[in-house]
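The values are calculated or read from the model by the stated rules, or taken from the named source; none is laboratory data. Treat the numbers as computed from the prediction; the structure is a model and nothing was measured. Cβ placement follows ideal geometry from the backbone for every residue including glycine, while neighbour counts extend to all protein chains displayed. Keep in mind that these areas ignore ligands, DNA and RNA; they rest on the heavy atoms of the full protein, side chains included. Shrake-Rupley method; radii C 1.70, N 1.55, O 1.52, S 1.80 Å.
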Amino acid sequence: MQDGIRAAVQDGADSRQHGILAAAGIAALTRAGAIRPDTPYAPDQIQPASLDLRLGARVFRVRTSFLPGTRTVSACIEAFALHEMDLRHGAVLETGCVYIAELQEHLALPGDLAASANPKSSTGRIDVFTRVITDRGAAFDQVEAGYHGPLYAEISPRTFPVKVRTGSRLSQIRFRRGEPRLTDADLAALHAASPLVDAPNPTFQGGIGVSIDLAGFSGLIGYRARRHTGLVDVDAPGTHRAADFWEPLHADPSRALILDPGQFYILASKEAVQVPPDFAAEMVPFDPLVGEFRVHYAGFFDPGFGFAAAGGAGARAVLEVRSRDVPFLLEDGQIVGRLVYERMAERPATLYGAGAGSNYQAQGLKLSKHFV
């Protein structure tokens, strides 16, 4: 099968030096000084195709979100900060507030290497909106090729107050060389060689279509977050009672769900997704042409996600969904997002779900690791 996957994208072998860096490449970057952590990495901090980013010693509550533009982030913090908190002994971040946290990882990238960031899966599933910012950055979660400087995280808990501390990991970063994204034609060829989703007639348009499952998983279609709950400690998995934070949503004959504005939902894709070992995937932001809602804050899918050889045999994409300003009707099978795939620069030595500290391999409808 793997020979067929490699042949599916005709020019893949000619551009193997380009692509998403695997764990070995991230480790090599660190040894070369292109990534400069304040303290040594945690044992599981380097993932198959990304690096977890750790909060530093300080976080600032600010009165507004911002992009630095021509300024440094520290200059913006000085202009907009309301107060500073020490994270070394932990701090509670309240809902509805915006915070800027120093990160422990600094970059000195070569001129041919860029990066992008996303919330970690567990961060998105507790509705913590977080984006990485660079000095003089013109876009969130984007690090220009050749960037030298510190990294910061904008953090805004939307539903649950959260407790964080120095070393907490809310975001992850991927490093890429060249333009490794597959075209729709490449994606269709790859799917023909090794099915990426189990849909009978998938669509390929700016990625592969992912639809919503409202038929239900043993009668359950998802969860709606409760309001006015206790706090979630982001570093305490398996210690929060799900019923205190979530209201289960049950299937009904209509196979439909009206999203309430401002409410947060955990739903799942109808398709089981697979990411072959030589590729990484990402859920792209929602398209306003298909509805005023946002799907999947945490967009990275590592090599091996849902892949049978890595213990997956297909895994649903769990979707973090929030309607915007108006109620919106979702119906079973409606396309709500698209997965784009990118080539890896090399195959990771360890795949997602195969000893990589993976919490969501072979998942169906699943809350974050914090809840039991």
Return a yes/no flag: does the range 264-285 have any residue that is open to solvent by 50 Å² or more (accessible area, probe 1.4 Å), within 27 Å of residue 304 (Cβ to Cβ) and part of a strand (DSSP E or B). yes
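How many of the residues making up the range 220-232 are of a type outside the set (Ser, Thr, Tyr) and closer than 26 Å to residue 283 by Cα? Don't jump to the end; show me each part of the working.
We begin by selecting, within the range 220-232, every residue of a type outside the set (Ser, Thr, Tyr); these are 220-222, 224-228, 230-232.
From what is left, the residues that are closer than 26 Å to residue 283 by Cα are 220-222, 224-226, 232.
The total comes to 7.
Of a type in the set (A, V, I, L, M, F, W, C) and modelled with pLDDT of 95 or more: does that describe residue 80? Spell out how you get there, then give the answer.
Numbers: of a type in the set (A, V, I, L, M, F, W, C): yes; modelled with pLDDT of 95 or more: yes.
So residue 80 passes the test.
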For the range 298-309, give me each residue that is closer than 19 Å to residue 342 by Cα and either surrounded by fewer than 16 Cβ atoms within 10 Å (Cβ to Cβ) or at pLDDT below 65 (or both). 298
Which of (1) open to solvent by 10 Å² or more (accessible area, probe 1.4 Å); (2) among the β-branched types (Val, Ile, Thr); (3) in contact with an Asp or Glu (Cβ under 8 Å, 6 or more places away or on another chain) is the odd one out, the single condition residue 173 does not satisfy? (1)
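Of all residues in the range 77-99, count the ones that are among the small types (Gly, Ala, Ser) and open to solvent by 50 Å² or more (accessible area, probe 1.4 Å).
2
Here are 312, 353: which of them is more than 26 Å from residue 155 (Cα to Cα), open to solvent by less than 10 Å² (accessible area, probe 1.4 Å) and modelled with pLDDT under 90?
Numbers: 353 fails: open to solvent by less than 10 Å² (accessible area, probe 1.4 Å).
Within the list 312, 353, the selection yields 312.
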Look through 156, 171 and report the one residue that is out of contact with any Phe, Trp or Tyr (no Cβ under 6 Å at 6 or more places or on another chain) and of a type in the set (S, T, N, Q). 171
Cβ-Cβ below 7 Å, separation at least six or inter-chain, first residue in the range 32-48 and closer than 13 Å to residue 350 by Cβ, second of a type in the set (Val, Ile, Thr) and assigned to a loop (DSSP other than H, G, I, E, B): which pairs? 48/350
Residue list for the range 2-22, filter: buried (at least 20 other Cβ atoms within 10 Å of the Cβ) and either assigned to a strand (DSSP E or B) or modelled with pLDDT of 90 or more (or both): 19, 20, 21, 22
Within the range 85-114, tally of residues that are within 18 Å of residue 150 (Cα to Cα) and not small (Gly, Ala, Ser): 12
I need every pair where a residue in the range 319-343 that is within 18 Å of residue 254 (Cβ to Cβ) has its Cβ under 8 Å from the Cβ of a residue that is basic (Lys, Arg) and part of a strand (DSSP E or B), sequence separation at least 6 or different chains. 321/294; 332/270; 333/270
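So that you can scan it fast, the table gives a plain yes or no per residue for (1) in a strand (DSSP E or B); (2) modelled with pLDDT of 95 or more:
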{"site": "64", "(1), (2)": "no, yes"}
{"site": "76", "(1), (2)": "no, yes"}
{"site": "85", "(1), (2)": "yes, yes"}
{"site": "96", "(1), (2)": "no, no"}
Going residue by residue through the range 100-111, is there one that turns out to be buried (at least 18 other Cβ atoms within 10 Å of the Cβ), at pLDDT 95 or above and farther than 28 Å from residue 26 by Cβ? no
Just checking, how many residues over the range 138-159 are outside any strand (DSSP E or B), touching a strand residue (DSSP E or B) at 6+ places or on another chain (Cβ under 8 Å) and not aromatic (Phe, Trp, Tyr)? 6
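Which of the residues spanning the range 317-332 are exposed (fewer than 15 other Cβ atoms within 10 Å of the Cβ) and modelled with pLDDT of 90 or more?
To start, the set of residues in the range 317-332 that are exposed (fewer than 15 other Cβ atoms within 10 Å of the Cβ) comprises 324-327, 329, 331.
Within the range 317-332, 327, 329, 331 meet the criteria.
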Filter the range 42-76 down to residues that are loosely packed, with under 14 Cβ neighbours inside 10 Å and of a type in the set (S, T, N, Q) and give me whichever is nearest to residue 99 (Cα to Cα). 64
